1. Sort Asp63, Asp196 so the one with the fewest other Cβ atoms within 10 Å of its own Cβ comes first.
2. Just the Cα atoms of segment 278-375, one point each, no solvent: what log10 I(q)/I(0) does Debye give at q = 0.12, 0.22 Å⁻¹?
3. Size of the dipole of the chain about the Cα centre, Lys and Arg at +1 and Asp and Glu at -1 on the beta carbon, nothing else charged, in debye to 20?
4. Give me Met329, Met125 sorted ascending by neighbouring Cβ count inside 10 Å, so fewest comes first.
5. Report the FRET efficiency, 1/(1 + (r/R0)^6), for Gln342 and Ala66, where r is their Cβ-Cβ distance and R0 is 41 Å, rounded to 0.05.
6. For Cys184, Cys265, what ranking results if the residue with the fewest other Cβ atoms within 10 Å of its Cβ goes first?
7. How large is ³J(HN,Hα), in whole Hz, for each residue of segment 243-255 in order, when computed from phi with the Karplus curve 6.51 cos²θ - 1.76 cosθ + 1.60 and θ = phi - 60°, using x for Gly and Pro?
8. In Å and whole numbers, how far do the C-alpha atoms of the chain stretch along each principal axis, longest first?
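No lab work stands behind these numbers, since they all come straight from the coordinates. What you see is a predicted model, and the numbers here were worked out from it, not measured in a lab. Cβ sites come from the backbone with ideal geometry, for glycine too, and all protein chains shown count toward neighbours.
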Amino acid sequence: MTKEHSVVTGISRRRAIQAGLTTAAALAFGTSTDGTAQNSNSRSANTRVIDIHAHYFPRSFLDIVATDGKKFDAAYRTTDKGWFIKTPAGGNGPLPDKFIDLKARIADMDAQGVGLQVISLTAPMLYWGDAELSTKLASAWNDAAAEAHREYPARLMSFLTLPMLYPDRSLRELERACKLPGMCGVYLGTNIAQRDLDDPLFEPVLAEVERRGLPVFLHPVDIQGARLQPYFLFNLVGNPVDTAIAACHLIFGGVLDRHPKLQICLPHGGGVLPILTGRIDQGWKVKSELKHLPQAPSEYLKRFTYDTITHSKSVTELIIKEVGADRVMIGSDYCFTMGYDQPVRFLDQVELTTAERQMILGGNAERILKLQSST
C-alpha cells in the first residue's frame, strides 16, 4: 500500500467515523442529519428547522477590536478559560471558541437537529466607536458572515449589522451589505448607545430598511444601573425589560404607524411585553400623553414576530395565543448558557397542532425571511 493510499484511506475512515457519530447523535435527538426534525408521531417530519437567534463572532471582527479599538479602551483577549471582549459599551466573556469556530457550530447544529442558523452579532455590539471604527467593524462582521454562508450555504444565513449612530454611513453599508450572499435581514440593538429606536436620528435608516423589505431582528443591550449588577439581574431582568421598552418606543413613538411594512422580531419571546399589554392598554385609556396612539397598544402585538426563547411552556403558549403561531420562530441564543442546548426539544412540550409546529420550526422563518424552501 502506498503512503498516498494510506493517507486517503485514513481520511475516508475518519470521515466515515464522523458521519457515523453525526448520524448517531441525530437519531438520539430525534432528528435527521440535514436538520429536518423527525419523531415517532411525525408532527415535524420533513420540516427544516431554522434557528433565527444564534450569535457569531468572526475572528476578523475581534482582531479589529483588539487593534483599532485600543484607543477606545476596547480589548479582545484569550485565556485558558475562554476569550473575552471589552468595550466602552460593556463586555462579554469568558466565551467558548465555538462562537468563532464554524465547524464546531455545524456539529452542534447537527446534534440539535437545526438545519439552518441565521447568525447575528451580540453584546457589546459596535455602537461605541467613532464613525470610522463603527463602520469598519460593521463591514468586517458583514463580510465575515457572508463568507460563513459561502462556506456553509445550506446551513448559515445572516442578519447584517450597521453603524447606526451614523445614518449616512449606515445607509451606505446597508446598500453594500444587503447584496452580500446569505443576508436576509437587519440586526439592531434594542437601544443604540442609550438612544431609543424612535429617535429621529434613525428614521432614514428604518425607512430604507422598510423600502427594501428587510425584516429587523432586535437584541437587548445591557441596561445599566447598580441595582441590576448583583445576581446576574442585568441579564435575567434587564434583557426582557429592555426588549419591552424598545417595543413601546416603536409603538408609542409612531415608528410602526409611519412604517406599516416594517417587520420587527422581538427576542426572548418579546421579553416582558406580552404579560404587560393589559397594563399598557390601561395607560393608553387613562393617560392624556398616550392618546395620540390611534389604537390600543395591544393591537400592535401582531406587528411584531417573536422567538421561542422564554424557558417557559406557559409563556410560549400565551404568546402563541395572543399573536398566532404564524408569528413565532425557533430561537436558541446559540451558544450562551441562557439559551437552549436543544431548541427543538423545548418546543416539543408546547401544545401545538402539527401545522403550528411546522410553522414555528421553520415555515414562518422561510416566509418572513424570504428563504428558499427546503422542499
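1. Numbers: Asp63 13, Asp196 16.
Ascending Cβ contact count within 10 Å gives the list Asp63, Asp196.
2. Rounded to two decimals, the profile gives -0.49, -1.09.
3. Numbers: 41 positive and 41 negative charges, 98 e Å.
That gives a dipole near 480 debye.
4. Working: Met329 27, Met125 24.
Final ranking by Cβ density, sparse to dense: Met125, Met329.
5. Details: r = 34 Å, r/R0 = 0.82.
Efficiency computed from Cβ-Cβ geometry: 0.75.
6. By the 10 Å Cβ count, ascending: Cys184, Cys265.
7. 5, 5, 4, 4, 4, 5, 5, 5, 6, 6, x, x, 4
8. Largest to smallest, the principal-axis extents are 86, 55, 43 Å.
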